[in-house]
Amino acid sequence: MKNKIIPISIFLAVVLIFLSIYFYYKKSTRNAVETFAETGKIINILIAGSNVYNHNKHSFYAIVSFNPEKNKIGITFIPPEFKIDLNGKGKKFQKINKIDINDFKSLSASLERDLKLNIPFYIVLYSPDVERLVDMIEGVDPLYVG
C-alpha cells in the first residue's frame, strides 16, 4: 500500500504544479488590450453595428484607434459600400456590409492590406446596446428626435 501512495502523491504534485503554471499564464495574458498598451503601439478595434440582427452582417463600421503613448483616441468611419478584397488576389471584391463578421480573420487581413491598419479585435453593437451605453454614461438619447 505504501508503495502506491508515494508515486500517486508525486503524480498529483506534478499535476498541481502544471495546473498552477497554466492558470498563472492564462491570468497574466488574458487582457490582450493591456498587453498591447504596454508595448506603446496603437491599438485598433473594429466596431460593427446594426439596428437589428441580420445574420452577422452590419451596416455600420468604424475603426477606433487608441494611442497609449499620447493618450489619444481616433475614429475612422468606413462606409457600408466600401469594397474589400477578401482573398488578396484582386479578384473577389465584396461590400463590407455583405460580409459575415464571424469571418473576422479574412476581414481583418483585407483591411490590413487595404488600409494598412492592423485590427486584432472587433466589437458588435446593436442600437439597444448603444442606448444602454448612453444611459450608463448619462448622455443624450441618440434616437430621440424632438
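So, R0 is 22 Å and r is the distance between the beta-carbons of Ser127 and Ser65; what FRET efficiency does that work out to, to 0.05?
Step by step, r from the Cβ atoms, then E = 0.40.
Obtain the nm distance between the two label points defined at Lys41 and Val14 by a simple spin-label model: each point lies 7 Å from its Cα along the Cα-to-C-beta direction.
3.7 nm
Where Lys and Arg each count +1 and Asp and Glu each count -1, what net charge lies around His58 among other residues with Cβ under 15 Å from its Cβ?
With Lys, Arg at +1 and Asp, Glu at -1, the neighbours total -1.
If the chain between Phe93 and Leu115 were fully stretched, how many nm would it gain, using 0.36 nm times the residue separation less the Cα-Cα distance? Let's see the in-between values first.
Details: separation 22, 0.36 × 22 = 7.92 nm, distance 1.48 nm.
The span from Phe93 to Leu115 would gain 6.4 nm if fully extended.
Please work out how much length the chain gains when fully extended from Tyr22 to Ser106, using 0.36 nm per residue of separation minus the C-alpha to C-alpha distance, in nm with one decimal.
27.2 nm
Kindly flag which residue pairs out of Lys41/Lys83; Lys70/Lys116; Lys57/Lys95 have an alpha-carbon separation exceeding 18 Å in this structure.
Beyond 18 Å: Lys41/Lys83; Lys70/Lys116.
Work out from phi, with θ = phi - 60° and the Karplus expression 6.51 cos²θ - 1.76 cosθ + 1.60, the ³J(HN,Hα) of each residue of segment 45-55, listed in order in whole Hz, and give x for Gly and Pro.
Using θ = phi - 60°, the values come out as 10, 7, 10, 10, x, 8, 7, 9, 5, 9, 6 Hz.
Sequence-distant or interchain residues sharing an amide H contact under 5 Å with Leu125, placed H: which?
Result for Leu125 returns Ala48, Gly49, Ser50.
Bear in mind that the values in this text are calculations on the coordinates, not laboratory data. Fair warning: this is a prediction, and the values are worked out from it, not measured in the lab. In this analysis, Cβ positions are derived from the backbone assuming ideal geometry, glycine residues included, and neighbour counts consider all displayed protein chains.
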